[in-house]
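Before any comments, here is the structure.
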Amino acid sequence: MKTIVRANTLKHCLKQPNHHGKTIGFVPTMGYLHDGHLSLIRRCRTENDLCILSIFVNPTQFAPHEDFKRYPRNKKNDELLAKEVKVDIIFYPSIKEMYPTGYTTYIDVGTIGHVLCGKSRPHHFRGVTTIVLKLLNCIHPHKLYLGQKDAQQAIVIKKMLKDLNISTKVSIVPTVREKDGLAMSSRNVYLSKQQRSQASMIYQSLLYAKMKIRNGETNVSMVKSAMRRILNQNSFLKIDYLDCLNADTLMPIKKLQGKILIAIAVVIGKTRLIDNIIIRA
Ligand code: AMP
């Protein structure tokens, strides 16, 4: 396994004759790897000749008041885990490498980036799509691996690839959860014991919505109110958003029919957590 820190070194490495004709799979992450990330990497490993992982805590997707500085980082452990799952190359650029002095170019994703997470994080998807496009331009992978956990991110990136005529295919990998259902996230380490136990209610409320829809409920407000009631029982937990939308377009729906995305963001203490499920009704 190679660790590369310069974009030009990575491009040069991928142009070498030993890489000609090989299929390239790419997993972008912010590191502090957990089993969610590893399931993307394993999938990438089995489906491609070359498996490339990037680790970069991208400052442009964080607002000034957010957790960029304290975001958990552990390069040594990430390298150990990456080696175990047989990553070929880790791309580990510095901020200066990705955003040198004088950097000014950003992607504008349009209205799809203004709903859900985009409401409380207005510049988030501008930062996410910009870094993903920059990484894609360094790697030119055949396949890009993203997690269902960040449903809106996956939809926004897929749309960017389509809109900008980029031929990289996207694979969405199911959310990996803790035993009690909490979606794995690097940010879970921020939670105290009490907060951690309340965090499991996020998935419980999603399962409740699923059960209601399976039993024939089609009224959006009814399901949303029931989920709010479950979540509001928890003193530490504040709902940022809770919505039922069209799972492909993120447009509002009048009835719980078709392919529905139920998405939640909550703040527990200072920690913002997101989760979602997709239901076909
Ligand atoms: P992050 O490091 O949080 O930016 O995540 C990097 C990639 O891993 C993104 O595509 C995420 O959607 C994905 N990911 C994060 N957590 C999980 C999880 N629990 N299950 C599946 N994929 C995940």
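Would you mind stating whether residue 122 is farther than 17 Å from residue 1 by Cβ and not hydrophobic (A, V, I, L, M, F, W, C)? Spelling it out, residue 122 is indeed farther than 17 Å from residue 1 by Cβ and not hydrophobic (A, V, I, L, M, F, W, C). Being of a type in the set (Phe, Trp, Tyr), within 19 Å of the chain's Cα centre (by Cα) and either more than 30 Å from residue 25 (Cα to Cα) or buried (at least 18 other Cβ atoms within 10 Å of the Cβ) (or both), is that true of even one residue in the range 229-237? No, the conditions are met nowhere in the range 229-237.
Taking each residue of the range 173-187 that is free of Cβ contacts under 8 Å to residues at least 60 places away in the same chain and looking for partners that are within 6 Å of the ligand (Cβ to nearest atom) and aliphatic (A, V, I, L, M) with beta-carbon atoms closer than 6 Å, six or more apart or interchain, yields 177/183. Here residue 175 clears all of (1) touching a strand residue (DSSP E or B) at 6+ places or on another chain (Cβ under 8 Å); (2) more than 19 Å from residue 32 (Cα to Cα); (3) in a loop (DSSP other than H, G, I, E, B); (4) within 13 Å of the ligand (Cβ to nearest atom) except the condition numbered (2). Just so you know, in the range 32-44 the residues that are within 15 Å of the chain's Cα centre (by Cα) and assigned to a helix (DSSP H, G or I) include one that is nearest to residue 176 (Cα to Cα), and it is 36. Considering every residue within the range 13-29, establish whether at least one is surrounded by 13 or more Cβ atoms within 10 Å (Cβ to Cβ), within 13 Å of the ligand (Cβ to nearest atom) and over 23 Å from residue 125 (Cα atoms). No, the range 13-29 contains no residue that is surrounded by 13 or more Cβ atoms within 10 Å (Cβ to Cβ), within 13 Å of the ligand (Cβ to nearest atom) and over 23 Å from residue 125 (Cα atoms).
The test for being of a type in the set (Ser, Thr, Tyr), surrounded by 18 or more Cβ atoms within 10 Å (Cβ to Cβ), away from the ligand (no atom under 13 Å from the Cβ) and farther than 21 Å from residue 38 by Cβ holds for residue 130.
So that you can scan it fast, the table gives a plain yes or no per residue for (1) touching a residue at least 12 places away in the same chain (Cβ under 8 Å); (2) of a type in the set (Ser, Thr, Tyr):
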| position | (1), (2) |
| --- | --- |
| 76 | no, no |
| 83 | yes, no |
| 90 | yes, no |
| 99 | yes, yes |
| 116 | yes, no |
| 132 | yes, no |
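The set of residues from the range 32-58 being under 16 Å from residue 170 (Cβ atoms) and within 8 Å of the ligand (Cβ to nearest atom) comprises 39, 40. For the range 15-31, a residue qualifies if it is over 21 Å from residue 98 (Cα atoms) and assigned to a helix (DSSP H, G or I), and the qualifying residues are 17, 18, 19.
When residue 209 is tested against (1) closer than 13 Å to residue 279 by Cβ; (2) assigned to a helix (DSSP H, G or I); (3) out of contact with any helix residue (DSSP H, G or I) (no Cβ under 7 Å at 6 or more places or on another chain), just one condition goes unmet, and that condition is (3). Within the range 246-276, the set of residues being under 21 Å from the mean Cα position of the chain (by Cα), surrounded by fewer than 21 Cβ atoms within 10 Å (Cβ to Cβ) and in a strand (DSSP E or B) comprises 246, 259, 267, 271, 272.
Bear in mind these aren't lab numbers, they're just calculated from the coordinates by the rules spelled out. These numbers come from a predicted model, not from an experiment. Cβ coordinates were reconstructed from backbone atoms using ideal geometry, including for glycine residues, and neighbour counts include every protein chain displayed.
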